[in-house]
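Here the structure comes first, spelled out in structure tokens, and everything after it is commentary.
The values are calculated or read from the model by the stated rules, or taken from the named source; none is laboratory data. Predicted, not measured: the structure shown is a model, and the values here were computed from it. Methodologically, a virtual Cβ is constructed for each residue, glycine included, from the backbone with ideal geometry; neighbour enumeration extends over all protein chains shown.
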Amino acid sequence: MSEQTGGTLGQSSPNWAALDAPAVELAGNPLAGRDLLRLMDLTPQQFHMVLSTALYQKQAWRSDPAAGQASAPYQRQAVGIILEKPSLRTRVSFELAAARLGAHPVVMADSNSAFSRGESLKDTTMVLERFVDAIVIRSFAQSRVEEIAQWASVPVVNALTDDFHPCQGLADFLTAYEHKGNLSQLKLAYVGDGNNMAHTYLEGAALCGMQAHIATPPAYQPQPLYVQQCQELAAATGARLTVDSDVEAALSEADVLITDTWASMGAEAEHDERAAVFKDYRLTAESFKLARPGAIFLHCLPAHRGEEVTDEVMDAPCSKIYDEAENRLHAQKTLLSLLMAPASVTR
Ligand code: CP
Ligand code: NVA
């Protein structure tokens, strides 16, 4: 719906050491009515604002769940949640996030709903927006979600495409902050497929001035255009981004170790071929010997235990995968509250 204005600095750099600074009145809500189709739709300041507001709202919810429930102005609103690929975490967390704001979630996840009958994206979107106040969509091509956003006059949120998973990114950077602190001082290592998660980590790292090293097999690197866009932003934020196939260099001195499935949704038929190519891109207990002491492990899940990561890592104390999954709910509740709110909202 809205012109995306993210990706530039514009103001002074946010303080990435202080997401838990005391609550302050925001001068305004720059995200009101906006879309979130990828993390770089946000400026560094807006990324910082979403994460810090999510952390604040999570802590408020933890201390008094009743206080955070069903708040105006969301009580008469509805959120359409369209899932064109399978989901556990995204479906449950968005449905609950909308409900906890007091909005009505309408989930369209079966094969007979939403875009299933060949109706044009324009007609479907322009009908949907007569009913709902935000559209959350998980789909295939990024261009499909971009087209829906062009037709929609309500906010559109990307709940995963082949290219990006920005809501997972919000949860993951929030989790990294909670466990490791100052995001701009951390090194993120991602080992595996140069997929939607790799693109999302590059964008998040570029936004918060982080060091990130993505190591993938040569034929499975992140898309060059996205890497270039992230490098351009990194030049402004001080982020240091490396994309290559060097697993040891990626893991060396890393604070946050991440991997993802070797065959994403839509690429399942390539599983066996990919498993052979990716076998040296598995995270194991050995991987942590190269990392910094106290390094944590993240995975967006679902994981394929024994493939991209061992049971030993998944179940180790350094594994924060369930905190990460929980943070989907907190991050998305905040995101929806900002996108759907009037411009005067405060946190
Ligand atoms: N991580 C994630 O998006 O999980 P689901 O596919 O279960 O929604
Ligand atoms: N890369 C994975 C992420 C799942 C949450 C996929 O797209 O299937």
Please verify whether the stretch 300-315 includes one or more residues that are more than 16 Å from ligand 1 (Cβ to nearest atom), among the hydrophobic types (A, V, I, L, M, F, W, C) and assigned to a loop (DSSP other than H, G, I, E, B). no
Please state which one of THR261, THR284 is surrounded by fewer than 18 Cβ atoms within 10 Å (Cβ to Cβ), over 30 Å from SER12 (Cα atoms) and among the β-branched types (Val, Ile, Thr). THR284
Quick check: is even one residue across the stretch 154-167 away from ligand 1 (no atom under 16 Å from the Cβ), touching a residue at least 60 places away in the same chain (Cβ under 8 Å) and in a helix (DSSP H, G or I)? no
Complete set of residues in the stretch 127-137 that are within 26 Å of the chain's Cα centre (by Cα) and without any contact (Cβ under 8 Å) to a residue 40 or more places away in the chain: GLU129
Of all the residues that make up the stretch 322-344, how many are touching a helix residue (DSSP H, G or I) at 6+ places or on another chain (Cβ under 7 Å) and hydrophobic (A, V, I, L, M, F, W, C)? 6
Among the residues in the stretch 311-321, are any polar (S, T, N, Q), closer than 17 Å to HIS179 by Cα, out of contact with any Pro (no Cβ under 9 Å at 6 or more places or on another chain) and away from ligand 2 (no atom under 13 Å from the Cβ)? yes
Here are the criteria: (1) modelled with pLDDT under 95; (2) surrounded by fewer than 19 Cβ atoms within 10 Å (Cβ to Cβ). Tell me which single one SER337 does not satisfy. (2)
Scanning the stretch 71-126 residue by residue, those among the β-branched types (Val, Ile, Thr) and part of a helix (DSSP H, G or I) turn out to be THR90, VAL92, THR124, THR125
Of all residues in the stretch 316-325 being assigned to a helix (DSSP H, G or I) and touching a residue at least 40 places away in the same chain (Cβ under 8 Å), which is surrounded by the fewest Cβ atoms within 10 Å (Cβ to Cβ)? ASP323
Go through SER153, SER139, SER111 for me and flag whichever is away from ligand 2 (no atom under 16 Å from the Cβ), within 30 Å of ARG274 (Cβ to Cβ) and polar (S, T, N, Q). SER111
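Rundown of residues vs (1) closer than 23 Å to PRO166 by Cα; (2) more than 24 Å from the chain's Cα centre (by Cα), yes/no style:
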site	(1), (2)
LEU257	yes, no
ALA276	no, yes
TYR281	no, no
HIS299	yes, no
SER319	yes, no
Looking at (1) crowded, with 19+ Cβ neighbours inside 10 Å; (2) outside any strand (DSSP E or B); (3) not hydroxyl-bearing (Ser, Thr, Tyr), can you tell me which one ARG130 breaks? (1)
Restricting attention to strands (runs of 3 or more DSSP E) lying wholly within the stretch 169-287, give those where 3 or more residues are within 22 Å of THR310 (Cα to Cα), touching a helix residue (DSSP H, G or I) at 6+ places or on another chain (Cβ under 7 Å) and in contact (Cβ under 8 Å) with a residue 40 or more places away in the chain. 187-191, 256-259
